[in-house]
Amino acid sequence: MSRAKGNIAEDSACDYLTAHGYQIIERNFYAKTGEIDIIVSRDEVLHFVEVKSGNSFEPVYNITPGKLRKIIKTAQFYMKKNGIDPVFSIDAIIVSNGEIEFLENVTL
């Protein structure tokens, strides 16, 4: 997928999250351990959100165990860098065929 299509999916995800009461903290946080697409907060919980999109397949299958390990390491780095120890969740937003599905706590 092109970066432009990825940005459109991330913009849609941000719109969805803010409409559902989440506060956007940061987008596209990069570290040598990986990238987190969106970091949001709601009800004193920090959410690290991976955005996947596509129309001809199930984008959720691109969230592999290896990808999850990178996201978790990057989330841990983010919290350590910022000196915070919040309750947190690793989540995913799937954008497919104009629909948005929010999957909370995908590490369970």
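The values are calculated or read from the model by the stated rules, or taken from the named source; none is laboratory data. Model, not experiment: these values are computed from the prediction. Cβ sites come from the backbone with ideal geometry, for glycine too, and all protein chains shown count toward neighbours. Heads up: the accessible areas ignore ligands, DNA and RNA and are worked out on the full protein's heavy atoms, side chains in. Shrake-Rupley method; radii C 1.70, N 1.55, O 1.52, S 1.80 Å.
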Exercise for the section: Name every residue in segment 19-41 that is exposed (fewer than 14 other Cβ atoms within 10 Å of the Cβ) and out of contact with any strand residue (DSSP E or B) (no Cβ under 7 Å at 6 or more places or on another chain), in order of residue number. Expected result: Ala19, His20, Tyr30, Lys32
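Residues are listed down the side, and each one gets a yes or a no for (1) in contact (Cβ under 8 Å) with a residue 12 or more places away in the chain; (2) more than 22 Å from Asp11 (Cα to Cα); (3) assigned to a strand (DSSP E or B); (4) open to solvent by 40 Å² or more (accessible area, probe 1.4 Å):
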position	(1), (2), (3), (4)
Val51	yes, no, yes, no
Leu68	yes, no, no, no
Ile71	yes, no, no, no
Thr74	yes, no, no, no
Ile100	yes, no, yes, yes
Practice task
Keeping to segment 13-49, report how many residues are without any contact (Cβ under 8 Å) to a residue 24 or more places away in the chain and of a type in the set (Phe, Trp, Tyr).
Solution key: 1
Practice task
Can you work out which of the residues in segment 76-87 that are of a type outside the set (A, V, I, L, M) and part of a loop (DSSP other than H, G, I, E, B) is least open to solvent (accessible area, probe 1.4 Å)?
Solution key: Pro86
Fill in the blank from the handout: Across (1) surrounded by fewer than 15 Cβ atoms within 10 Å (Cβ to Cβ); (2) touching a helix residue (DSSP H, G or I) at 6+ places or on another chain (Cβ under 9 Å), Ile90 clears everything bar (1)
